[in-house]
Amino acid sequence: MNEFIKKHYKIMPNFRIKIPNKILKPIAQLFAKRISTVVFEIYEEYIMVKAMDTSHICLFVWRLSAIDALIYKVILTKDAKGEAKKTLIMDSDEFLHIFHKTKKDAEISIYLQENGEYLFHIFDGFDSYYSVKSQTNEEYEEILDLEFIEKKRLLNITLPIARFYDMCMKVEPFTEVVRFIITTKLDFRIEMKDHFVRDTIRDIIIDNNFICNCDGCSELSSEIEMIFALAYIKDIYYIKAINPKADCTLEFSEDSPLFMNLTIGEESYLKYVLAPRVEEGVDEYD
């Protein structure tokens, strides 16, 4: 803690988190035009950052463990529900004001003040300080109570995120939607359709490169098909920027969003959850 903070802020003891900006900045870039709320959930052993877009189509979840943080010193008392947790809810203006223009290699320290507000200290060659009071948003607290995040999906496929990004970005003009298909033989196919030409523009097969979580089955009773707006698929660019050499795992299930997972550090991970496009006239896509 520097002398400026000691002089101007009343900081609670036993609460200091120092984290790199390499993940928070891409979150800010990812949701810059459609973010609504960001929730920080702080526990004694890890911090969770959750962000959702205004239309509830895509969700970003980052879990940073204490051992992967630059500094993590958090001692909490249990609340009335028996939980040792602090929750900070920020609206889009506050979050983007702090993180959108910061440098990717900046270091961010989070302190808890005696008045209950949080102090963000950004160091990127210069010192910046932001005092933030948690918002009240019971709707988003309920939406972002994500027990389904940890559940197993039916099928997983792991591949380099750079390769997955290249596969998705080789599109033609007027492409609007992308279709992911898991065949009954456990093949993975990506199809992109031109808005005016209904023929397949891109058709990629990855034969049997799956880890199946359905008791070792070798085939499905029916295909799994998901259709996404290309605008959301392009968001993979910002996720790739976090670690271009990382592997990503895609998780598929029927009647479930697409999960894209990256392992970052020893016990930390990143999840990007994308709901399929549901609209009338989808059969015209075929």
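The values are calculated or read from the model by the stated rules, or taken from the named source; none is laboratory data. Since the structure is predicted, the reported quantities are computational estimates derived from the model, not experimental observations. Backbone-built Cβ (ideal geometry, glycine too); neighbour counts: all protein chains shown.
Taking the stretch 177-193 as the search range and keeping residues that are more than 23 Å from the chain's Cα centre (by Cα) and closer than 11 Å to L230 by Cα, which one is modelled with the highest pLDDT? This residue is M192. When each of I227, I239 is tested for being at pLDDT 75 or above, outside any strand (DSSP E or B) and among the β-branched types (V, I, T), the lone residue that passes is I239. Among the residues of the stretch 6-23, those identified as crowded, with 17+ Cβ neighbours inside 10 Å and at pLDDT 80 or above are Y9, F15, R16, I17, I19, N21.
Restricting attention to the stretch 242-266, which residues are charged (D, E, K, R) and in a strand (DSSP E or B)? Of everything in the stretch 242-266, those that are charged (D, E, K, R) and in a strand (DSSP E or B) turn out to be D247, E251.
Going through (1) surrounded by fewer than 17 Cβ atoms within 10 Å (Cβ to Cβ); (2) at pLDDT below 85 one by one, Y130 falls short only on (2). Is there a residue in the stretch 41-62 that is of a type outside the set (S, T, Y), at pLDDT below 90, part of a helix (DSSP H, G or I) and surrounded by fewer than 21 Cβ atoms within 10 Å (Cβ to Cβ)? No, there is no match, as no residue in the stretch 41-62 is of a type outside the set (S, T, Y), at pLDDT below 90, part of a helix (DSSP H, G or I) and surrounded by fewer than 21 Cβ atoms within 10 Å (Cβ to Cβ). Before we move on, is Y111 outside any loop (DSSP other than H, G, I, E, B) and modelled with pLDDT of 90 or more? Yes, satisfied. Scan the stretch 41-87 for residues that are within 30 Å of S256 (Cβ to Cβ), without any contact (Cβ under 8 Å) to a residue 24 or more places away in the chain and in contact with a strand residue (DSSP E or B) (Cβ under 6 Å, 6 or more places away or on another chain) and jot them down. Listed by number, the residues that qualify are M48, T54. What are the pairs with Cβ atoms under 9 angstrom where one residue, in the stretch 113-136, is basic (K, R) and the other, located anywhere, is in a loop (DSSP other than H, G, I, E, B)? Sequence gap at least six, or different chains. The qualifying pairs are K133/N115; K133/G116; K133/E117.
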